[in-house]
Structures are given as structure tokens and as C-alpha cells.
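Student: Have a look at the structure that comes next, please.
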Amino acid sequence: MKNILIEPVLHRNEQRLKLVFDYDEGLIEKIKNMTGRKWSKTMKCWHIPYEEDYRKHLHNVLSDLEIKFAGTDKQIKSADNGPVKSEEKRDTTSKKRKIEIDYNKTEGLLYMKIPFEKKDEIKKLEGAWWHPGAKVWSAIANRENCNRLKIIFDNKTYELKIVTNEFTVKKKHKKPSKALPNIVEEKFDEEMILRNKSLKTLETYKNQVNHFLHHFKEDNIKTLSADKIKKYIFDKINNKGYSREFQNQVINALKRYYEYVHNREFENFELPRPKKGQYLPKVISAEDIQKMLELTKNLKHKTIISIFYGCGLRRNEIVEIKIKDIDFNAKTITVHGKGDKYRILPIGDKLTNLIKKYIKSYLPKEYLFYGQSEPQYTGSSIGKMIKEKGRIAGIKKTITPHCLRHSYATHLLEAGVDLRIIQKLLGHSSSKTTEIYTHVSRKSIINIISPLEKMNL
């Protein structure tokens with residue numbers, strides 16, 4: 001909960017209430033709607049008329065804030081810091097405001113969140129810069145700036161603390177899992193790793209095998225009949241209406257398990273494979289994407305949408321982007337794709353400049369995108385955001401991250417880019433995925449112009 005300090009003052013021979021708080025646009029809008037509110041250049045704060053029942057009134061108006069009242073109604077301080085009568089003196093030690101400044105040794109910068117009334121003084125620091133996304137100020141970490149900060153935040157009113165902070169990312173604390181206890185043999189892990197399977201594939205297969213072993217925990221797994229295995233797949237998978245991909249995932253996991261752990265050929269089971277469905281990719285027009293970008297005012301959201309359409313990434317790929325993956329000189333981005341495969345994609349001038357602007361504003365640490373409360377932006381949060389932006393833009397289709405990926409590929413194809421190149425850009429391991437049917441000469445991926453370059457960002 002945000003704090004606000006209310007302090008009775010005598011300003012221009014009039015009793016007023018001084019409002020002290022950290023910069024917050026929403027709170028400022030609330031104050032602007034208050035009767036008699038004024039901004040004081042001398043006090044560098046907002047103030048409102050003094051009323052006898054002001055405490056009750058402010059509790060009603062600012063119910064979502066933690067309100068702190070300085071002193072008592074009789075203890076009115078002169079706004080020009082003039083002398084206060086002895087009976088009006090009060091202990092100010094309990095009112096000291098804590099100001100913590102982060103010193104980033106690697107960057108040689110100081111980062112700080114400051115009270116709004118100190119904004120003009122902070123602006124005078126060498127290299128002072130406001131980062132609207134992160135809502136912090138930065139300045140060069142030199143002796144002159146440090147001494148100046150000690151003067152700005154004097155020890156009578158403020159408790160100043162400068163800490164070394166390399167902006168290390170804290171690991172997310174996972175809630176205790178409610179999953180079944182793992183009873184999968186270690187040999188399965190070893191064989192999967194030896195065959196260079198990705199960690200994600202290992203975890204997925206292991207989870208499926210674990211459910212299977214728990215289901216047949218009273219049976220001899222090694223000699224379990226093919227009929228029982230077929231029935232398990234039919235009862236537990238087909239009858240629940242899972243997708244074709246999920247059904248194949250279960251079959252593949254059990255197949256690998258029996259081959260690796262029990263040396264049993266799984267092909268002899270003749271398990272029914274679900275037929276591959278014919279799905280047309282959902283594509284939206286360049287005009288609709290342009291509208292989404294124009295109506296997206298949040299810089300982080302605009303950058304995410306631009307990367308999806310400008311690079312054709314998968315949702316899991318975008319959340320894993322780290323700042324070190326971006327080469328601003330070469331204007332490329334290294335993407336960690338499926339199966340632990342990496343590919344280098346061009347990002348173009350416009351997307352490069354947009355990412356630079358975003359980084360300067362939001363100050364991401366290791367990963368490029370972070371959520372509000374979680375260390376790393378989640379794929380589900382990104383999906384909800386893009387769906388909402390599509391709705392605001394008036395697009396009738398439900399927009400997903402994969403829809404932007406499909407649109408990227410389709411618009412490149414319409415622009416004459418060869419399917420083999422698009423296959424590499426999308427990170428498809430098989431040419432069938434991109435429906436390649438002719439052999440073409442090689443082209444340089446780096447020279448491909450992203451469709452985002454035609455947009456106004």
C-alpha cells in the first residue's frame with residue numbers, strides 16, 4: 001500500500017495541509033479533483049485547505065492509501081521554515097523518510113526513487129535521467145553527485161542509504177508441487193540426456209511416464225500387456241478429449257520409456273495414433289497489426305507485440321530473451337528455440353530503436369521482460385495482454401501470440417520471401433512444417449527485411 005504524509009503548515013499566513021508522497025500519476029489526479037488544492041513552488045508539493053475534520057475527510061477520499069499525520073493540529077509549522085514556538089516543537093526523528101539509492105558498480109550509475117518535491121534538485125545531478133517505465137531516476141555515480149545527494153536528503157528529515165546492487169535476479173520461489181511423487185527410474189533420465197533430448201522434453205515425458213507408473217503401481221510394468229496399455233491410453237487420453245498433439249506426446253513418452261528402461265520394442269504394441277488434423281493458421285492483416293500498435297500506448301506491451309510480429313517468435317521464446325541475446329550493432333537477436341536449438345534473426349532499425357527505448361525506460365536486469373510481481377514475464381500474461389490489445393483494436397478474431405507469428409510468416413511469403421528462408425526464420429526443424437515443396441537457392445537471412453519495418457512505431 002502506498003503512503004502519504006499529511007502535515008499542517010502555515011503557508012502565506014494561511015493554515016494549509018501539506019501532502020508529501022512519492023510521485024504517482026494516479027494520486028496526483030485524485031488531488032487535482034480536491035477543492036482548493038494548489039501546487040506550491042516554494043514547498044515543491046501539493047497542499048489543500050485546513051479543515052477541522054480533515055483527518056476523517058482524507059481517510060474517506062484517500063481510502064486506498066496508508067495516511068500518516070505529522071504532529072498534532074496545534075503543531076503547525078511555517079512553510080518558509082521560520083521559527084516554531086517552543087510549545088510547538090516536536091520530535092522529528094520518528095518522521096525520517098528512508099531514501100535508498102542503488103549503486104550499480106557495473107554501469108557506474110546510481111538508481112533512486114525519490115519524493116516528487118525533490119524532482120527539480122535531482123535534475124541538476126550529473127547525468128540525471130528519468131526512467132518512466134521503472135519509475136526511477138538515475139545519475140552518474142561520482143563523488144560530486146553523492147555529496148549533493150547528502151545535501152538534498154539531509155539527515156534531519158531523511159535517512160539516506162546507498163547500497164551496492166548488481167541487479168541480480170532473484171529466483172522465483174515455486175509453491176510446493178501437488179504432483180504425484182516421482183517413481184520414474186533414473187535410467188530413463190540418463191538415457192534421455194545421453195540422446196541429447198531437451199530439458200523441456202525430458203520433464204514432459206517424465207511427467208507422463210510417472211502418471212502411467214502410478215496407474216499401474218500394482219502391476220508388473222515390464223511385462224504389462226499391450227491391451228492394458230492401449231486401454232490406458234484410450235480411457236485416460238481419448239475419452240477426455242485431449243488434442244492430437246497431447247495424445248501423441250503420451251504415446252511417445254511411453255514408447256521411449258519401454259525402449260530405454262525395459263529394452264522392449266514398443267512398435268509391436270500397435271498403438272492407435274490419432275490422425276493429424278488439418279488446421280489453417282490464423283492470420284490477421286498488416287492493417288490490423290498497425291492498428292494494434294497505434295492503440296498500444298504502454299511501451300513494454302508495444303515492444304512485445306513488435307517482437308512477435310517483427311521476428312515471428314513463439315511465446316516461450318520471447319519470455320526467455322535476455323538482454324545479452326540482442327546485438328544492437330549487428331541488429332540481430334539470438335533466439336533459444338525448441339529442442340535447445342538456437343537461431344539468429346534480423347530485427348531491423350525500427351525494432352532495434354524500439355527495444356533500446358524500452359530498455360532505457362524500464363531498466364530490465366537479465367531478462368528483457370519482467371512482470372509486475374514476478375521476476376520474469378509469464379507466457380500466460382503475455383497471451384492475455386495480446387488478446388486484450390486485439391479486442392481494443394476491434395479485431396473480430398481472438399488474437400494470440402501464435403497468430404502474430406503466423407501473420408509474420410504469411411506476410412513474408414506474400415512479399416516474395418522463399419519458403420526455405422521462412423522455415424529457418426521460424427525455427428522449423430522439418431521442411432514439411434512450412435510446406436516446402438521446391439528446391440531454391442540459398443539467401444542471406446540477415447538481409448531479410450522484417451514486415452515491422454513498414455510500420456509506424
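Student: If the Cβ limit is 7 Å and pairs must be 6+ apart or interchain, which residue in the stretch 322-345 that is without any contact (Cβ under 8 Å) to a residue 60 or more places away in the chain and within 22 Å of L202 (Cβ to Cβ) pairs with which residue that is among the charged types (D, E, K, R) and crowded, with 17+ Cβ neighbours inside 10 Å?
Tutor: As it stands, the answer is H336/E317; H336/E320, since those pairs meet every condition given.
Student: Does the stretch 113-135 contain any residue that is in contact with a Leu (Cβ under 6 Å, 6 or more places away or on another chain), among the small types (G, A, S) and either part of a strand (DSSP E or B) or modelled with pLDDT of 85 or more (or both)?
Tutor: no
Student: Separate question: Can you tell which of T410, T303, T334 is in a strand (DSSP E or B) and hydroxyl-bearing (S, T, Y)? If you could, list the steps in order and put the result at the bottom.
Tutor: Values: T410 fails: in a strand (DSSP E or B); T303 fails: in a strand (DSSP E or B).
Answer to the check: T334.
Student: Let me ask you something else. What is the one condition in (1) in contact (Cβ under 8 Å) with a residue 24 or more places away in the chain; (2) more than 15 Å from the chain's Cα centre (by Cα) that E287 does not satisfy?
Tutor: (1)
Student: Also, I was wondering about something else. If you take the residues of the stretch 362-401 that are surrounded by fewer than 18 Cβ atoms within 10 Å (Cβ to Cβ) and among the small types (G, A, S), which of them is modelled with the lowest pLDDT?
Tutor: S373
Student: What strands (runs of 3 or more DSSP E) lie completely within the stretch 33-72 and have 2 or more residues being in contact (Cβ under 8 Å) with a residue 12 or more places away in the chain, under 16 Å from F116 (Cβ atoms) and of a type in the set (A, V, I, L, M, F, W, C)?
Tutor: Of the strands (runs of 3 or more DSSP E) lying wholly inside the stretch 33-72, those with at least 2 residues that are in contact (Cβ under 8 Å) with a residue 12 or more places away in the chain, under 16 Å from F116 (Cβ atoms) and of a type in the set (A, V, I, L, M, F, W, C) span 45-49.
Student: Would you say Y309 is surrounded by 20 or more Cβ atoms within 10 Å (Cβ to Cβ) and part of a helix (DSSP H, G or I)?
Tutor: When the stated conditions are applied, Y309 passes them.
Student: Further, regarding this structure: Say whether the condition of being surrounded by 15 or more Cβ atoms within 10 Å (Cβ to Cβ), at pLDDT 90 or above, assigned by TED's automatic domain parsing to the domain that holds I193 and assigned to a loop (DSSP other than H, G, I, E, B) is met by at least one residue in the stretch 227-249.
Tutor: no
Student: Within the set of pairs 6+ apart or on separate chains, which have a first residue in the stretch 394-405 that is touching a residue at least 40 places away in the same chain (Cβ under 8 Å) and assigned to a helix (DSSP H, G or I), a second that is among the small types (G, A, S) and surrounded by fewer than 23 Cβ atoms within 10 Å (Cβ to Cβ), and C-beta atoms under 9 Å apart?
Tutor: Filtered contacts from the stretch 394-405: P401/G379; P401/G383.
Student: Could I ask something else about it? Can you tell me which residue is farthest from S198 (Cα to Cα) among those in the stretch 337-381 that are in a strand (DSSP E or B) and not hydroxyl-bearing (S, T, Y)? Lay out the reasoning, then the answer.
Tutor: To start, the set of residues in the stretch 337-381 that are in a strand (DSSP E or B) comprises 342-346, 367.
Going one step further and asking which of them are not hydroxyl-bearing (S, T, Y), we end up with 343-346.
Working: R343: 16, I344: 19, L345: 22, P346: 25 Å.
For the stretch 337-381, the residue satisfying everything is P346.
Student: Among (1) over 21 Å from P115 (Cβ atoms); (2) outside any strand (DSSP E or B), where does Q15 come up short?
Tutor: (2)
Student: Condition first: surrounded by fewer than 16 Cβ atoms within 10 Å (Cβ to Cβ) and among the charged types (D, E, K, R). Now tell me which residues in the stretch 109-130 satisfy that.
Tutor: Within the stretch 109-130, K113, K119, D120, K123, K124, E126 meet the criteria.
Student: Can you find, within the stretch 97-111, the residue that is farthest from E366 (Cα to Cα) among those that are acidic (D, E) and in a strand (DSSP E or B)?
Tutor: First pass over the stretch 97-111, keeping only residues acidic (D, E): 100, 102, 107.
So of that shortlist, the ones also in a strand (DSSP E or B) come out as 100, 102.
On the way: E100: 22, D102: 17 Å.
Once the filter is applied, the top-ranked residue is E100.
Student: Those residues that are modelled with pLDDT of 85 or more and in a helix (DSSP H, G or I), I need them from the stretch 250-279; list them, please.
Tutor: Residues satisfying the conditions are V250, I251, N252, A253, L254, K255, R256, Y257, Y258, E259, Y260, V261.
Student: Continuing with the same structure: Which of the following residues is farther than 17 Å from P8 by Cβ, at pLDDT below 80, polar (S, T, N, Q) and surrounded by fewer than 16 Cβ atoms within 10 Å (Cβ to Cβ): T92, T72, T35, T106?
Tutor: None of the others qualify; the one that does is T106.
The values are calculated or read from the model by the stated rules, or taken from the named source; none is laboratory data. Quantities reported herein were computed from a predicted structural model and do not represent experimental measurements. With ideal geometry, Cβ positions are generated from the backbone for all residues, glycine too; neighbour counts draw on all protein chains shown.
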